[in-house]
Every structure is written in C-alpha cells, then in structure tokens.
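The values are calculated or read from the model by the stated rules, or taken from the named source; none is laboratory data. Since the structure is predicted, the reported quantities are computational estimates derived from the model, not experimental observations. Note: ideal-geometry Cβ built from the backbone for every residue, glycine included; neighbour counts use all protein chains shown. Just the protein is used for accessible areas: all its heavy atoms, side chains included, with ligands, DNA and RNA removed. Shrake-Rupley method; radii C 1.70, N 1.55, O 1.52, S 1.80 Å.
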Amino acid sequence: EIYPAQQYRSDVAPSENIIGVYDGKIKLPEYSDMTENDYRRIVYHEYMHAIVFDLSGGRAPTWLHEALATNADPGFTADDGYLAYLYQNGKLVAPRDLDPYFLDMGNHDHLMTAYNEANALIRYFLSRYNYWHMKNILTDLKRGMNIDEAFKKEVAVDIGGLFEQWQEAVFKR
C-alpha cells in the first residue's frame, strides 16, 4: 500500500527514519522526490521482511530480519571503515545484543552499529554458507528452535561462534 506522506507519518510510521514498513502488508509513503530506484530498494527490503517472517513464523530476531533485508536492498552497503573502527575500539555488539539498537531510533550511532554489523555478519554467513542454509535456519526457528539451536543444527556453530568467525575472517587478517 502507498500512503500520502502525511498519512503515512500519522498512521504508519511517525519517525522520519522509517521509509517502509512490513506489518503483514508492505506500506510505503508517497514522496514526490523519490525515484523508481528508491521505491525498488524499499520494496526489496520490505519484501525480504515478509519472506523472513513467513519462513520463521515471526520468530526471527530483529537483527536477522534487518540483516537479510539490508542484504536484499541493492543500494545498501555496509560501512566497512565504521565496522573496523568498532572492532579496533572494542565496540562491536554481539548479535544477540543488537535488537535494542534497532529500536533506539533517536541514537544514530546505535542504528549505524546495528545495521552495519547485522549486514556484514549476514554477508559473511552467505559467502561461507548460502541461502539454502539460511532458509533451513529460518524454518527451524518456525519449528520452535532458538537461534543458537537453529544455527548449530544447520552449520555446526551457534550465533556467538559465527560472530567470532566473522571477526577472525574480516578483522584479524
């Protein structure tokens, strides 16, 4: 659904940072300054949320939703320099602790950390494994497994171990 900009802000998403929503339907604001490519990016992002929700039965954590959604967005690129800064200063956040960062809309640093880390971690996962394994993990979440059980069953490492592997592969070369 596409809403007039003012109605979108009042009825769907009051924050200027939210330019698309999936809540069972994809909802977008109507903006005159957005291009077809802008809308395409938002639709890809929100459609991935729909897929993740469906495959996981709504049980995927926010960080995994956003990781996969930003990965589907052809215009999103994680800031590797920012990630290196976080790593060098001991400020990387374990995936299991990222969810509150996504909800902290007023804190730009938290949002930057959350989106960049989640995206980089899932890019690493998909390069090492693939979408088939991710589909199985999401399906296992739907069946009632927790995130660590699902990852361990599918790729023999829990999410903490994946986080360590990612750091080792990306920052300790």
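Points to keep in mind about this one:
- Residue in segment 23-36 that is touching a strand residue (DSSP E or B) at 6+ places or on another chain (Cβ under 6 Å) and either open to solvent by 40 Å² or more (accessible area, probe 1.4 Å) or among the polar types (S, T, N, Q) (or both) present: yes
- Test result for R40, open to solvent by 40 Å² or more (accessible area, probe 1.4 Å) and in a loop (DSSP other than H, G, I, E, B): no
- Search result, residues across segment 106-132 that are more than 15 Å from the chain's Cα centre (by Cα) and surrounded by fewer than 16 Cβ atoms within 10 Å (Cβ to Cβ): G106, N107, H108, D109, S127, R128, N130, W132
- Candidate set from segment 75-93 (those that are in contact with a helix residue (DSSP H, G or I) (Cβ under 6 Å, 6 or more places away or on another chain), part of a loop (DSSP other than H, G, I, E, B) and open to solvent by 20 Å² or more (accessible area, probe 1.4 Å)); member that is modelled with the lowest pLDDT: G75
- Of the listed requirements (1) open to solvent by less than 50 Å² (accessible area, probe 1.4 Å); (2) free of Cβ contacts under 8 Å to residues at least 24 places away in the same chain; (3) of a type outside the set (A, V, I, L, M); (4) under 26 Å from F163 (Cα atoms), N71 misses just one: (2).
- Index of the failed condition, A69 passing every other in (1) in a helix (DSSP H, G or I); (2) more than 17 Å from H49 (Cα to Cα): (2)
- Looking only at residues of segment 94-112 that are in contact with a helix residue (DSSP H, G or I) (Cβ under 6 Å, 6 or more places away or on another chain) and without any contact (Cβ under 8 Å) to a residue 60 or more places away in the chain, we find that the one that is farthest from I18 (Cα to Cα) is L98.
- The helices (runs of 4 or more DSSP H) found wholly in segment 113-173 and carrying at least 3 residues that are over 30 Å from N89 (Cα atoms) occupy 131-142, 147-155.
- The numbered conditions (1) over 26 Å from I2 (Cβ atoms); (2) more than 14 Å from the chain's Cα centre (by Cα); (3) open to solvent by 40 Å² or more (accessible area, probe 1.4 Å) are all true for T139 except (3).
- Residue tally, condition of a type outside the set (D, E, K, R), more than 14 Å from Q167 (Cα to Cα) and touching a residue at least 40 places away in the same chain (Cβ under 8 Å), over segment 121-139: 4
- Here segment 43-61 is the region considered, the condition is being farther than 19 Å from G144 by Cβ and in contact (Cβ under 8 Å) with a residue 24 or more places away in the chain, and the residue that is surrounded by the most Cβ atoms within 10 Å (Cβ to Cβ) is H45.
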